[in-house]
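To keep things clear, I will list the structure first and then write my remarks on it.
Derivation of every value follows stated rules applied to the coordinates shown; laboratory data play no part. Just so we're clear, the structure is a prediction, and the values are computed from it rather than from any experiment. Neighbour counts are summed over all protein chains in view; Cβ atoms, including those assigned to glycine, are modelled from backbone coordinates with ideal geometry.
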Amino acid sequence: MQLAAELQRTHHRHQRQRQQQDTTPMCRQIQLTISDHTVAGDAVADDGEDLFIPPLNFAMVDNGIFRSGFPEPANFSFLQTLGLRSIIYLCPEPYPEANMEFLKSNGIKLFQFGIEGHKEPFVNIPEDTIREALEVVLDVRNHPVIIHCKRGKHRTGCLVGCYRKLQKWCLSSVFDEYQRFAAAKARVSDQRFVELFDISSMKHLPIPFSCLKRKR
């Protein structure tokens, strides 16, 4: 009985030793894994300060031409990457001081065409104003340029839609693009304006857009 008890104690002692041997490396591995994760998390946090944030509804229209909603200070770093020469602003309200300071510090010229942002059915889009804005868009000396209103939907959509007509887009494609940005806020009056916009008086102007360049 004494021998059996001693053998049992020896068995339990060896079993505990094996358990310690098995668990020790695992504990060390878990500790290292947590440490590696913490370092990676800090790196992501540091990189996060350099992330660029485009303005609402930002998109490229053509080479050197962009569109968006109203740029906020958080978007300024992104706008710097575009190397902008000009901004076409389609709202009547004064440009905010912070935005004006950004333009001055980056040598960007502001073209403001104040179009009221009325809702249907009382929408009045001034054709002459759109025409003047298009002339600025067509002048490559103003490129790179970004067109924006408040949300980058209606006023910006009308200007880009008329510009697409100059590029000889079919109306269905023009309206598809408009609706992609306006979404549930799409206005029949905007699309009607684009459809009836007369481009004949602007055909003499050069249209230096990539989609009109044909390979010989």
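Summing Lys, Arg as +1 and Asp, Glu as -1, what charge do residues with Cβ under 12 Å from the Cβ of Asn142 carry, Asn142 excluded?
Working: positive: Arg85, Lys109, Arg141; negative: Glu135, Asp139.
Residues close to Asn142 contribute a combined charge of +1.
Summing charges over all other residues whose Cβ lies under 15 Å from the Cβ of Leu196, with Lys and Arg as +1 and Asp and Glu as -1, gives 0.
A simple packing score, the average count of other Cβ atoms within 10 Å per residue, orders the peptides 156-168, 60-72, 90-102 as 156-168, 60-72, 90-102, with the highest score first. The radius of gyration of the Cα set in the range 59-212, together with its Dmax, comes out at 14.8, 41 angstrom.
What does the net charge come to around Ala183 if you take all other residues with beta carbon closer than 14 Å to its beta carbon, with K and R at +1 and D and E at -1? In short, +2.
Full extension from Leu56 to Leu171: what is 0.36 nm times the residue separation minus their Cα-Cα distance, to one decimal in nm?
Values: separation 115, 0.36 × 115 = 41.40 nm, distance 2.51 nm.
This chain segment gains 38.9 nm when fully extended.
Counting only pairs 8 or more places apart or on different chains, how many lysine pairs in the range 59-212 have C-alpha atoms closer than 14 Å? Pairs that pass both the separation and distance tests number 7.
For the range 59-212, what relative contact order do you get, as a whole percent, if you take Cα pairs closer than 8 Å and at least 6 residues apart?
Numbers: 199 pairs, mean separation 44.7, N = 154.
Dividing the mean separation by the residue count of the range 59-212 yields 29 percent.
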